[in-house]
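Asks: Just passing along the structure, written as structure tokens.
The values are calculated or read from the model by the stated rules, or taken from the named source; none is laboratory data. Quantities reported herein were computed from a predicted structural model and do not represent experimental measurements. We place every Cβ from the backbone using ideal geometry, glycine too, and count neighbours over all the protein chains shown. Note: accessible area is taken over every heavy atom of the protein model, side chains too, but ligands, DNA and RNA are not part of it. Shrake-Rupley method; radii C 1.70, N 1.55, O 1.52, S 1.80 Å.
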Amino acid sequence: MLRRCDLSSLSYFLNEYFCFISTTTCPIIPIFDLVLRLINVATTSLQKHHCRMKANILFVNIFLLLISSSTIAQVDRIGATKLPDHPRILMLKGEEAVIKKTIGADQTWTKVQQAIITESDNIVNLAPLERIQIGRRLLSVSREALRRLFFLSYAYRMTLQEKYLQRADKELLAISAFSDWNPSHFLDVAEMTMAVAIGYDWLYNNLPQSSKTIIKEAILKKGIEPSLDSKNNSWLQAEHNWNQVCNAGIAYGAMAIYEDHPELAKQIINRAIETVVLAMKDYGPDGVYPEGYGYWGYGTSFNVMLISALEKGFGKDFDLSKMPGFLNTARFLENMTGPSGNPFNYSDAGSKGELQPAMFWFASKVKDPSVLWVERSHLLKDEPKTYVKDRLLPAIMLWSNGVGINSISAPKSTMWVGHGKNPVALMRTSWTDSNAIYVAAKGGSVSINHAHMDVGSFIMEADGVRWAMDFGMQGYESLESKGIQLFGRTQDAQRWTVFRLTNLVHNTLTINNQHQRVTGHAPITSSSDKPSFMNAVIDMTEVYKGSIAQANRGISIVDKSYVVVRDELETLPEATTVRWTMLTPADVKITGNNTAELTKDGKKLTLQVQSPANVTMKTWSTDPPNSYDAPNPGTTMVGFEVTLPANSKNTLTVALVPASAQNKEIKNVQPLGKWTAD
């Protein structure tokens, strides 16, 4: 009899299942996973007690329950909306004329258009891609596939030249013939699916039927279906770029083959709308992207690709752009770039600034062309070869919205502060002076995706030189190929053995030679945009827990002339050793116990310690200690160490004085509590 079988585990999972499906915002896929677990527990328990027949009946009943309840678990946001005919993703039939009008009205857009066409001609002569995996990733192949197919498809739609169609067809068939698109590293699948979806959709009316049959089957079997497997789709619960990229890529696949699999396609698109908000909530409250400049260009760009495609296909974005902070993230990114054109490259980011097509979408949404000031500079100054490697470049032509490059004016505000998971303060003396002072500082947490131990760190530019710098990232494969487990976030994670990633080589404090704590958060507690004393204060106490009782850092630009960094520290009942460091690409000369002269590109900067009075300036080598660390040529750490008495309150005050302010009186610095708050 059934009552003789041990059903305690089954009862637990049934309860868990019904609680789960009652939450209508949950995606459907975890339900499949949960019910499979339920079936496994139930059948194992029943069979153990010789209830095989009942187990088989129960299996069937649970399967039927899964099918009938799936509609409960997912809100149908799309409804009966009918997608337009092909082409339907991003650019509808006939919209090429709008782009041609923009090109004809502005020489800069003519240059971008010609760059895309010229690069498409280069792609025509390349051999089709092969499935060559590097380590655990196929991602470089997927990204090149997206670049090639986006460029070729765009070139064909704008020129109707057969060579682009034929070459794209060859690429689509080659990729479709891959054994798989590497679902174990699902970013690879997502970008490949987007690539094939754009090519299939944009060229649909001109591709041979035999090709379309093969291509749409590949989208289904190698893109969409692997995303239904729970071992591949943990990104559905992620709060970082994986969620944005994977949802966008697979949703593109669903839109491309919508008419062939309408119910499945609706499920995938609904799933994307429901789950991408998990990552988008991290833009709140002000627009800071926690993963930094580099991953803004990845996660945010794909998020915009998703929203833009939804808008074009369904006539609305399902309120995704209304997520707190999302539209304001354009101002975050713009202010992240210094007068040099290079970004505040905290976390896993590169050191060079790049043209960001998604910024044109944001500019249209916020109706403020001034957010394009940095993009204007890239378009006017960069050689086309520097931006044709961007796989999403054709999107800039779709999102340009006829904006004239010379009509873009500089932003009015010279300071931007954003709170949230990884708060930043970004300040400058001018948007139009290439010699302006620029300071960018951050608080936040070490536990954020792709974070470094850089809480309290800053970068600084003056006279066209970046004096205080950040190493940024080291290539992942260079570390993973040496056996480094790079993405652990615990205090003892192997990630923190990588030289570039710890507080010892960032422009912050090291206390008792210890790493910053992965737990804890450092908020920006006050700030002011007063031109004579722009400043921000960061409470770093939690990330130094156990080493110090209180740690606050203030950073300011004084009288638009020089920079002050002030740390206020309260020690525990034992003496505490504090190291103050600044990473620089300049040549460093110690000129006194409390001063150092930095020189680079014929320019000078003086580093002057105002307090404590008795310190000894020193430098540290940036030669890495491990064979797997990247070399760091042309860089030096400069600063000082000081031992603070037990149970004491102390200040460390450092002035960074450009040559233009050498004769200016350095003012006494007020306690942080007297710095003007918002």
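Asks: Find which of Pro523, Ile273, Val657 sits farthest along the positive direction of the dipole of the chain, computed with +1 on the beta-carbon of Lys and Arg, -1 on that of Asp and Glu, about the Cα centre.
Replies: Selected residue: Ile273.
Asks: Using a Förster radius of 30 Å, what is the FRET efficiency between Ala575 and Ala659 based on their Cβ-Cβ separation? Nearest 0.05, please.
Replies: Calculated value: 0.20.
Asks: For the pairs Lys221/Lys322; Lys221/Lys442; Lys221/Lys316; Lys421/Lys649; Lys163/Lys352, flag any whose C-alpha to C-alpha distance is greater than 32 Å.
Replies: Beyond 32 Å between Cα atoms: Lys221/Lys322; Lys221/Lys442; Lys163/Lys352.
Asks: Treat every Asp and Glu Cβ in the stretch 506-632 as -1 and every Lys and Arg Cβ as +1, leave all other atoms uncharged, and give the resulting dipole magnitude about the Cα centre to the nearest 20 debye.
Replies: My answer is approximately 240 debye.
Asks: Take Thr619, project a point 7 Å from its Cα along the Cβ direction, then tell me which residues of the stretch 587-607 have their backbone nitrogen under 12 Å from it.
Replies: Hits in the stretch 587-607 for Thr619 at 12 Å: 587-591, 596-600.
Asks: Here's something else I'd like to know. Determine the distance separating the Cα centre of the stretch 550-591 from the Cα centre of the stretch 259-297; give it in Å without decimals.
Replies: 39
Asks: Within the stretch 534-579, which GluC sites (Glu not before Pro) sit in a loop by DSSP and count at most 13 neighbouring Cβ atoms inside 10 Å?
Replies: Here the sparse-neighbourhood loop sites are Glu574.
Asks: Once the piece of chain linking Ile590 and Thr81 is laid out straight, how much longer is it, given 0.36 nm per residue of separation minus the C-alpha distance between them?
Replies: 176.3 nm
Asks: Go through the stretch 328-345 residue by residue and turn each phi into a ³J(HN,Hα) via Karplus (6.51, -1.76, 1.60, θ = phi - 60°); whole Hz please, and just put x for glycine and proline.
Replies: 6, 5, 5, 6, 4, 5, 4, 6, 6, 9, x, x, 5, x, 9, x, 6, 9
Asks: If you plug each phi of the stretch 556-562 into the Karplus form 6.51 cos²θ - 1.76 cosθ + 1.60 with θ = phi - 60°, what whole-Hz ³J(HN,Hα) values come out, in order, with x for Gly and Pro?
Replies: Couplings: 9, 10, 9, 6, 6, 10, 8 Hz.
Asks: OK, next. Tell me which residues come under 5 Å, amide H to amide H, from Phe533 once H is placed; ignore anything under 5 positions away on its chain.
Replies: Here the answer is Asp559, since their amide H atoms fall under 5 Å of that of Phe533.
Asks: In deg cm²/dmol and to the nearest 500, what is the mean residue ellipticity at 222 nm of the chain if only DSSP H runs of at least 4 residues count, each as -39500 (n - 2.57), divided by the residue total?
Replies: -11000 deg cm²/dmol
Asks: Can you list the HN-Hα couplings for the stretch 624-634, worked out from phi with the Karplus curve (6.51, -1.76, 1.60; θ = phi - 60°), rounded to whole Hz and with x for Gly and Pro?
Replies: Per residue, the Karplus-derived 3J(HN,Hα) values read x, x, 10, 5, 8, 6, 6, x, 10, x, x Hz.
Asks: Further question on the same structure: Between Ser648 and Lys385, what is the label-to-label distance in nm when each label sits 7 Å out along the Cα-to-Cβ direction?
Replies: 5.8
Asks: Under a point-charge model restricted to the Cβ atoms of Lys and Arg (+1) and Asp and Glu (-1), what is the dipole moment magnitude of the stretch 233-292 relative to its Cα centre, in debye to the nearest 20?
Replies: 60
Asks: When ligands, DNA and RNA are left out and all protein chains stay put, how many square angstrom of accessible area per residue does the chain have with a 1.4 Å probe?
Replies: Ligands and nucleic acids excluded, the result is 39 Å² per residue.
Asks: Once amide H atoms are built 1.01 Å from N in the peptide plane, which residues 5 or more positions from Phe458, or in another chain, come under 5 Å H to H?
Replies: For Phe458, the qualifying residues are Asn507.
Asks: Please list, in order, the residues from the stretch 471-507 whose amide nitrogen is less than 20 Å from a point placed 7 Å along the Cα→Cβ vector of Ser447.
Replies: Under 20 Å, as judged by backbone N against the label point of Ser447, lie 486-497, 502-503 of the stretch 471-507.
Asks: On to the next question. How high is the FRET efficiency between Asp433 and Arg489 when r is their beta carbon distance and R₀ equals 45 Å, given to the nearest 0.05?
Replies: Efficiency, from the Cβ-Cβ distance: 0.65.
Asks: Shifting gears a bit: Leaving out ligands, DNA and RNA, and with a 1.4 Å probe, what % of the accessible surface on the chain is carbon or sulfur?
Replies: On the chain, the fraction of accessible area on carbon and sulfur atoms equals 52 percent.
Asks: If contacts are Cα pairs under 8 angstrom and at least 6 residues apart, what is the relative contact order of the chain in percent?
Replies: 9
Asks: What is the magnitude of the charge dipole of the chain about its Cα centre, with +1 placed on the Cβ of each Lys and Arg, -1 on the Cβ of each Asp and Glu, and no other charges, expressed in debye to the nearest 20?
Replies: Working: 68 positive and 65 negative charges, 109 e Å.
Computed about the Cα centre, the dipole is about 520 debye.
Asks: Looking at Gly299, Gln209, Ile198, which one has the Cα that reaches farthest to the positive end of the dipole of the stretch 171-320 (charges on Cβ: Lys, Arg +1; Asp, Glu -1)?
Replies: Ranked along the dipole, the leading option is Gln209.
Asks: Modelled label-to-label distance, Lys412 and Asn122, 7 Å Cα→beta-carbon offset: nm?
Replies: Each label point is offset 7 Å from its Cα along the Cβ direction, giving 4.2 nm.
Asks: Between the stretch 495-517 and the stretch 121-153, what is the C-alpha centre distance in whole Å?
Replies: 38
Asks: Set Lys and Arg Cβ to +1 and Asp and Glu Cβ to -1, take the dipole of the chain about its Cα centre, and tell me which of Ile123, Leu187, Leu672 lies farthest positive.
Replies: Final value for the positive-end residue is Leu187.
Asks: Also: State the extension gain, in nm to one decimal, for the chain segment bounded by Asp319 and Lys367, taking 0.36 nm per residue of separation less the distance between their alpha-carbons.
Replies: Taking Asp319 through Lys367 to full extension adds about 15.5 nm, to one decimal.
Asks: Taking N as the number of residues in the stretch 500-635, what is its Cα Rg relative to 2.2 N^0.38 Å?
Replies: On the way: Rg = 16.3 Å, N = 136, 2.2 N^0.38 = 14.2 Å.
Here the answer is 1.15, to two decimals.
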